[in-house]
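Chemist: Quick one: this structure, given as structure tokens, is what I'll be asking you about.
Coordinate-derived values only; no laboratory data. Just so you know, these numbers come straight off a predicted model, no measurement behind them. A quick note on method: Cβ atoms are made from the backbone with ideal geometry, for glycine too, and the neighbour counts reach across all protein chains shown.
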Amino acid sequence: MWIYLKYNPNALFLGVIIKEKTSCPVCKKEREYMYEGPFYAEDNVEGICPWCILDGSATKKYDGEFQDVDSCEEVDKQEYIDELIHRTPGYVGWQQEYWLSHCGDFCAIVQYVGWEEIKHFENELAEDIKKICTEYGLTKQGFQNGLKNEGNLQGYLFECIYCGKHRLLVDSN
């Protein structure tokens with residue numbers, strides 16, 4: 001049985017939840033899935049099961065976070081922040097992961113992307129692309145040529161959980 005994760009519904013596809021037997025350090029149960037993404041805590045914790053992420057027991061036990069609150073766009077309610085940083089598996093980025101928002105709430109991370117995966121969203125992503133080009137000193141053509149999945153300029157596609165608008169974030173190694 002799988003669980004639904006509001007802000008990271010593709011955690012298995014993204015490789016931050018993997019199908020591997022674990023003895024979860026939080027619930028002490030033998031599980032078939034474990035978390036392989038960022039977790040910010042004093043202790044180095046491995047093998048957390050997705051169920052202990054979802055119910056918040058992992059962050060409570062280790063006083064940790066799955067996302068740095070300072071690396072998030074603004075949202076309307078504190079409960080959204082709490083769900084993202086305490087009960088949502090992160091994603092793996094080249095540098096500090098950043099979480100985008102839309103419609104007053106965080107977006108869901110959809111997939112890691114290069115230009116080939118998102119070119120059909122070019123018009124929808126125009127504002128984000130313009131911002132990225134300015135930030136990285138790129139022309140639009142340079143951006144399109146440089147954005148490669150698992151390349152030096154990595155894209156992260158997000159989707160608004162309310163209206164379905166796509167958002168784009170990139171970082172470089």
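Chemist: Could you run through the stretch 27-54 and say how many residues are closer than 16 Å to Gly90 by Cα, charged (D, E, K, R) and either more than 20 Å from the chain's Cα centre (by Cα) or surrounded by fewer than 17 Cβ atoms within 10 Å (Cβ to Cβ) (or both)?
Modeler: The number of residues fulfilling the criteria is 1.
Chemist: Then there is this: Looking at Ser101, Ser71, Ser23, which one is touching a helix residue (DSSP H, G or I) at 6+ places or on another chain (Cβ under 9 Å) and of a type in the set (S, T, N, Q)?
Modeler: Ser101
Chemist: Another question, then. Could you give every pair whose Cβ atoms fall below 8 Å, whose first residue belongs to the stretch 1-30 and is touching a residue at least 40 places away in the same chain (Cβ under 8 Å), and whose second residue is part of a loop (DSSP other than H, G, I, E, B) and among the aliphatic types (A, V, I, L, M), counting only separations of at least 6 or pairs across chains?
Modeler: Lys6/Ile161; Tyr7/Ile161; Asn8/Val16; Ala11/Leu5; Leu14/Val92; Gly15/Val92; Val16/Val92
Chemist: Also, I was wondering about something else. Quick one: count up the residues across the stretch 88-132 that are hydrophobic (A, V, I, L, M, F, W, C), surrounded by 17 or more Cβ atoms within 10 Å (Cβ to Cβ) and more than 18 Å from Asn173 (Cβ to Cβ).
Modeler: Total meeting the criteria: 11.
Chemist: Sticking with this one: Among the residues that make up the stretch 57-68, is at least one of them over 20 Å from Ile18 (Cβ atoms), within 15 Å of the chain's Cα centre (by Cα) and not in a strand (DSSP E or B)?
Modeler: The answer is yes; a qualifying residue exists.
Chemist: Continuing with this model, one more query. What is the one condition in (1) in a loop (DSSP other than H, G, I, E, B); (2) within 25 Å of Ala41 (Cα to Cα); (3) touching a strand residue (DSSP E or B) at 6+ places or on another chain (Cβ under 6 Å) that Glu74 does not satisfy?
Modeler: In the conditions (1) in a loop (DSSP other than H, G, I, E, B); (2) within 25 Å of Ala41 (Cα to Cα); (3) touching a strand residue (DSSP E or B) at 6+ places or on another chain (Cβ under 6 Å), Glu74 misses (3) alone.
Chemist: Next question, about the same structure. Taking interchain pairs and intrachain pairs at least six residues apart, which have beta carbon atoms under 7 angstrom, with the first residue in the stretch 147-168 and without any contact (Cβ under 8 Å) to a residue 60 or more places away in the chain and the second in a strand (DSSP E or B) and among the charged types (D, E, K, R)?
Modeler: Listed by first residue and then by second, the contacts come to Phe158/Arg167; His166/Glu159.
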